[in-house]
Amino acid sequence: MLVKTEAIVFSALKYGEADLIVKAFTKSSGLKSYLIRGVLKSKKGKLRVAMFQPLTHLEIEANHKGKGTLESIREAKVVTHYTSLHTEVAKSAIVFFIADVLRSSVQEEEENVPLFDFIVNASLWLDLNNTIANFHLLFLLKLSSYLGFYPDDSEVQHEYFNLMDGMFENLGASIYCRSGQDIELLKLFLGTNFDALISIKLNQKQRTSFLNMLLQYYELHLHGFKKPRSLAVLNSIFS
């Protein structure tokens, strides 16, 4: 079936001498994988390698067979032309990290417009702003709401947070309960929007510890989730 839809690139893997296998989250059909033939050697075709950088926002015309096989893209054009997302070192490190997280956590092959719009809007915010050291922390927290395990903040006054149950508790009776600075930061980030990040000041140790807790939270709630390979690069950039 020929479809026209917006798509967000999650990854592009070289296949053979000139092809790419592109994993993208489409607005109409969820996660899809595409085989882009000859794109690495083509100089005159409609498809360009630069279109398939992580988090690129595209409009595509594609053939969707829906049989679990690799799909094909006939045409593509960039919808959002980023100015700094793929050229500034710090932003590029965040982009690769976020794309790794999305590739490991978003598996649904069905329409999810709220999740799609969240990724697009968050990427645009990152492109347009410069206070970004804590962006990935808030992104992970907000993403959890679209994946179904956003922390329950109804008892946020309690000292402990149970990573397994996703709830604040008065007693740290479980091995999954955490307290201390990471939980205070969790409370700080809950309900925060990206524009408020400028007011949150963290050092490298605080940022790394909180990020590790968030990733553990993902590992507990998403089957098969693994810490992104790009994590080391991200930590070194913001050390």
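The values are calculated or read from the model by the stated rules, or taken from the named source; none is laboratory data. All of these numbers come straight from a predicted model, not from anything done at the bench. Here the Cβ positions follow ideal geometry from the backbone for every residue, glycine too, while neighbour counts run over all protein chains shown. These area figures cover heavy atoms from the full protein model, side chains too; ligands, DNA and RNA do not enter into them. Shrake-Rupley method; radii C 1.70, N 1.55, O 1.52, S 1.80 Å.
For the reader, a short list of remarks on this structure follows.
- Only helices enter the 222 nm calculation for the chain: every DSSP H run of n ≥ 4 contributes -39,500 (n - 2.57), and dividing by all residues gives -10500 deg cm²/dmol, rounded to 500.
- Solvent-accessible heavy-atom area per residue, rounded to whole Å², over the range 54-131 at 1.4 Å: 47
- Computed over the chain with a Gaussian network model linking Cα atoms closer than 10 Å, the most mobile of Leu140, Leu185, Leu171 is Leu171.
- Surface composition of the chain: carbon plus sulfur atoms hold 50% of the accessible area, using a 1.4 angstrom probe and ignoring ligands, DNA and RNA.
- Per residue accessible area in Å² of the range 134-192, where ligands, DNA and RNA are left out and the probe is 1.4 Å: 46
- Among the trypsin sites (Lys or Arg not before Pro) in the range 54-118, those located in a DSSP loop and surrounded by at most 11 other Cβ atoms within 10 Å of their own Cβ are Lys65, Lys67.
- Rounded to the nearest 20, the Cβ-based charge dipole of the chain about its Cα centre (Lys and Arg +1, Asp and Glu -1) stands at 1360 debye.
- For the chain: span of alpha carbons on each principal axis (Å, largest first): 61, 36, 29
- Between helix 89-105 and the chain there is an angle of about 90 degrees, using the helix long axis and the longest principal axis of the Cα atoms.
- Percent of Cα-Cα distances greater than 16 Å, calculated over the range 96-152: 43
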